[in-house]
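The values are calculated or read from the model by the stated rules, or taken from the named source; none is laboratory data. As the structure is a prediction and not an experimental result, all values here were calculated from the model. As a convention, Cβ positions derive from the backbone with ideal geometry for all residues, glycine included, and neighbour counts pool all protein chains shown. Surface areas here come from the heavy atoms of the whole protein model, side chains and all, with no ligands, DNA or RNA. Shrake-Rupley method; radii C 1.70, N 1.55, O 1.52, S 1.80 Å.
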Amino acid sequence: MTRYDDGDGAGVEDTDDWYEPEGARADGTGPDETGGKGADGGAGVERTFAALPAARGRGFAQTWWGRAWLTALEGTALDAQQLTAGRRLARAGAVGAVSVRPGRITAVVRDRDRTAHRADVLLRELSDEQWDRFLDMAVERAGHVAALLEREVPPHLVEDAELAGVDLLPGPGGLEPECGCGAWDHCGHTAALCYQVARLLDQDPFVLLLVRGRGERALLGALRSRGGPASAAASGERSRPEGVDAAEAFAAGGIRPALPGVAPLPAEPGVPPSLDTDEPPVAGVHPAALEFLASRTAAQARRLLAEALRDGHERQPVAPEPTVARDAVRLAAGEPPRAVTDRLADGSGRGREGLAVAVRAWRQGGAAALAVLDEEWAVDAGTLARARAALQSAWAGSGEAERPAFRVRANRWTLDGGRIQLRLGRDGRWWPYRKERGRWVPVGAAAQDPATALATADAEDPAEPGTQTWAGAGTRAGRLFGT
């Protein structure tokens, strides 16, 4: 038996069976749910949950309300290292039996050296007036109580409660820590307790209502006493289906509330959660690749939102869904770690060099530039005639010897000498290419005029001094075009 200090100088006994209190039931509750105010489940109710097993290879919260609890923790703690320490302790099963009562959650947490600390997390109780508002709201919607009885928290229940001035879920700063280790902010012990409570909330959202001040039996009893549709749900009886009669809905079809205002664009993409863990990853899961994918998805989501908020977006054509090979190039353009780049090179079927060229094209013009790199297609006679006319116009005042000679195949125009090439995109723009180490690579942005694209390719031609290009006798494209 160990003794630890509960923070006010009083010694508290910590028995060796605190991981599973005597009489604990299979559902995790302790032998007594009544607490200080008797068996009616009043404000003094307390529930004890047996220690949960180690959470190896899984997240702490599977439900949206469990994740909201952890968001409140992570938005409160000032030291990210303490959160990491808390996750490790919780994963290792170092959190003992959890006691939940109004306003306070308590457990004993052991460090790796088996030193025991009492950890408490405080959450403000709802006032009697707030509970009255919550009950009045819930009694009008049988679906709310039915969902709770199914151990679920639908988002509209929380939204309706907020409209009634009742915050069920904690916000940043709502979880106040107290720990026997003496830390003034969240330490590894209180963080571990919060991570464990998230798992309890997944199983039973009434834990949240209890810490807010009402036990399950007291809450359901109050609903029955108020009557209304919710009383039947609280009694387990079948009630009238929730919703609006079809005739009423049809009659009111032309009456619609105004749409809410457009949310502002976030200044930065969201930051995905850390996957830091002492445990080895599940077979087939690469944590660094998964973290990179999450971060790039957040950036892509923000970009798409920015486009959607831009004027005239509704008149733009819908972009086709990208292929796996094309999306691999987009991800590689985000400069992932070397190991992730190797996986993308293999998964896209391009290899390392091919992927590097594809990334170069992507940075020149996105999906359109990548399509020009990959696709070869037949050009119609009208487009060919316009391209030839544009090239002839560019050298209208030049002699025959100074005019470039091309070999044309499909949408690719290769200059005599085989070092410079123009590629025509399906949108009518010309892309400059140059051969480097035996491979054609894009060297600039697209241009509407083929002569401009040719000048871009030739201006950066890395040919050794003395090598003739299309201009002949050392004449450069920039001088011919007056650029």
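One decimal place: the segment Glu268-Arg151 gains 38.6 nm when fully extended, by the rule 0.36 nm per residue minus the C-alpha distance.
Placing pseudo-labels 7 Å out from each Cα toward the beta carbon at Arg303 and Ala385 gives an inter-label distance of 3.9 nm.
With a cut-off of 12 Å between beta carbons, the residues surrounding Asp327 carry a summed charge of +2, where Lys and Arg count +1 and Asp and Glu -1. The accessible area of Arg133, taken with all protein chains in place and a 1.4 Å probe, comes to roughly 80 Å².
Each of Glu159 and Val318 was given a label point 7 Å from its Cα along the Cα-to-Cβ line. The distance between the two points is 2.4 nm. Computed on protein heavy atoms with a 1.4 Å probe, the accessible areas place Glu178, Glu268, Glu321 in the order Glu321, Glu268, Glu178, largest first. Projecting label points 7 angstrom from Cα along Cα→Cβ for Arg114 and Asp167 puts them 4.2 nm apart. For His156, the solvent-accessible surface computed with a 1.4 Å probe is close to 70 Å², ligands and nucleic acids excluded. Among Ser99, Ser393, Ser127, the sequence by solvent-accessible area, most first, with a 1.4 Å probe is Ser393, Ser127, Ser99. For Ala459 and Thr71, FRET efficiency with R0 = 41 Å and r from the beta-carbon atoms, rounded to 0.05? Calculated transfer efficiency: 0.20. Averaging 1/r over each pair of different alpha-carbon atoms in the range 390-453 and inverting the result gives 12.3 Å, the Kirkwood hydrodynamic radius.
In a DSSP loop and with at most 11 other Cβ atoms within 10 Å, the trypsin sites (Lys or Arg not before Pro) in the range 401-449 are Arg437. Sparsely packed loop sites in the range 373-434 (the GluC sites (Glu not before Pro) outside DSSP H, G, I, E and B with at most 11 other Cβ atoms within 10 Å) comprise Glu376.
Extension gain for the segment Asp79 to Glu129, taken as residue separation times 0.36 nm less the Cα-Cα distance, is 14.4 nm to one decimal.
Using a Förster distance of 25 Å, how high is the FRET efficiency between Ala410 and Asp342, based on the Cβ-Cβ distance and rounded to 0.05?
Working: r = 33 Å, r/R0 = 1.31.
The calculated FRET efficiency here is 0.15.
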